[in-house]
1. Under Stokes-Einstein, with the Kirkwood radius over Cα pairs standing in for Rh, what whole-number D in µm²/s applies to the stretch 100-224 at 20 °C and 1.002 mPa s?
2. Quick query: amide H of VAL210 versus all other amide H atoms, modeled in the peptide plane; which residues come in under 5 Å with a sequence gap of 5 or more or a different chain?
3. Ignoring everything except DSSP H segments at least 4 long, calculate the 222 nm mean residue ellipticity for the chain; use -39,500 (n - 2.57) per segment, divide by total residues, nearest 500.
4. Pick from ALA96, ALA192, ALA235: which is most flexible by mean-square fluctuation in a GNM of the chain where alpha carbon atoms under 10 Å apart are linked?
5. Which order do peptides 223-232, 137-146 fall in by mean Cβ count within 10 Å, highest first?
6. In a Gaussian network model over the chain where Cα atoms closer than 10 Å are linked, find which of LYS51, LYS233, LYS24 has the largest mean-square fluctuation.
7. Could you work out which residue, out of GLN253, GLN130, GLN151, moves most in a Gaussian network model of the chain, that is, has the largest mean-square fluctuation with Cα springs under 10 Å?
8. Over the chain, what is the percentage of antiparallel beta bridges among all DSSP beta bridges, to the nearest 5?
Amino acid sequence: MSESTPLLSVRHLSTFFELSGNVKAYALEDVSFDVYPYQTLGLVGESGCGKSTTLMSILRLLPPNAHISGQVLFKGVDLLALSEEEMRAYRWKEIALIFQSAMNALNPVMRVDEQILEAILLHRLLPREQAWQRVQELLDLVGIAPQRGRQYPFQFSGGMRQRAMIAMALACSPSLLFADEPTTALDVMIQAQVLELLKNIQKRLGLAIVLVTHDLGVVAELCDQVVVLYGGKVAEYGSVDAIYNSPQHPYTQKLLEAFPDLHRPTASLASIPGTPPRLTDLPSGCRFEPRCFARLERCRHEPPALREVGEKHYAACHLLEEKENLLE
Ligand SMILES: Nc1ncnc2c1ncn2[C@@H]1O[C@H](COP(=O)(O)OP(=O)(O)O)[C@@H](O)[C@H]1O
Ligand code: SF4
Ligand SMILES: [Mg+2]
């Protein structure tokens, strides 16, 4: 696969949850983006904006009340059109997932190296002897010494446990890794180490990564492309340079203001006044309208479409059209 062909193309992905009383929660609407080999795409936005739902929709790991539509093309195959049986060949083997509380998913009373071995034996057809070899390679890759590997998770710190989970996620040599707030539960020093590890692993293995985070400092460090989600829709999408140096959407601008120093991301996204929309009762116009400092009259009634604002840079805001009209 060439580096200019996307590994994953998400097209018009929409997901709603059916709640009791015939109520629907529209968690994602018309989300599209591409992930290229060897690249990291950051998925950012406040809590509840649909980041995890995006990953779980792609992997089809949502509960039965979820309805997913659109296309998820992975190496040209639409994952949403596969049977459950066929889909199983993609999870872990092609696309692996690590998440914030993953480190608590380890069995506390089983040796770490044995748990990684089990993961390999479960998914791969490697004979036991070779599988042990692979365990050692994986431990080495994530910086766990062999003698530490023989310990139990309860003897591990949070950071070490997250390393072990990364080793497990890589057991089947996936080409794409989904990392959903992988360092949020860790303290700042350890966060930096785990992120550095992900960066190194990406280089060594040539992985593509989708990194979910609410931390724009992390995005600046690790990502090539950024998708900014707001209320389940793409507010802005572009290269990390475009997003940081020329943000076009008022929401992106506010997010960046909330992180004045990208290398010391202490600010919280909650510093943008107001809250994201309720998914069961969405505004009929722009979803950001109630909180937008730049809103126009039409924003209340008309949802803005995603427009191209630069090379592979898109934003959904009526202001952009007004600007274009002024220039004409
Ligand atoms: N199983 C579910 N049933 C109903 N609503 C859900 C379910 N899972 C997620 N949601 C809703 O979807 C929205 C997006 O959630 P999520 O993707 O977890 O956001 P994020 O990861 O960005 O914090 C939230 O409002 C959440 O309450
Ligand atoms: S469309 Fe209107 S309300 Fe929405 S972000 Fe743009 S200016 Fe603000
Ligand atoms: Mg989440």
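Each value in this text was obtained by applying a stated rule to the coordinates, not by laboratory testing. Remember, predicted model here, so these are calculated numbers, not experimental data. Quick reminder, even Gly has a Cβ in these numbers, built from the backbone with ideal geometry, and neighbours come from all protein chains shown.
1. 145 µm²/s
2. Sorted by chain and number, the residues that satisfy this are LEU41, LEU177, PHE178, ALA179.
3. So the calculated ellipticity at 222 nm is -9000 deg cm²/dmol.
4. Of ALA96, ALA192, ALA235, the most mobile in the Gaussian network model is ALA192.
5. 223-232, 137-146
6. Comparing LYS51, LYS233, LYS24 in a Gaussian network model of the chain, the most mobile one is LYS24.
7. Result: GLN130 has the largest fluctuation of those listed.
8. Counting DSSP beta bridges with both partners in the chain, the antiparallel share is about 60 percent.
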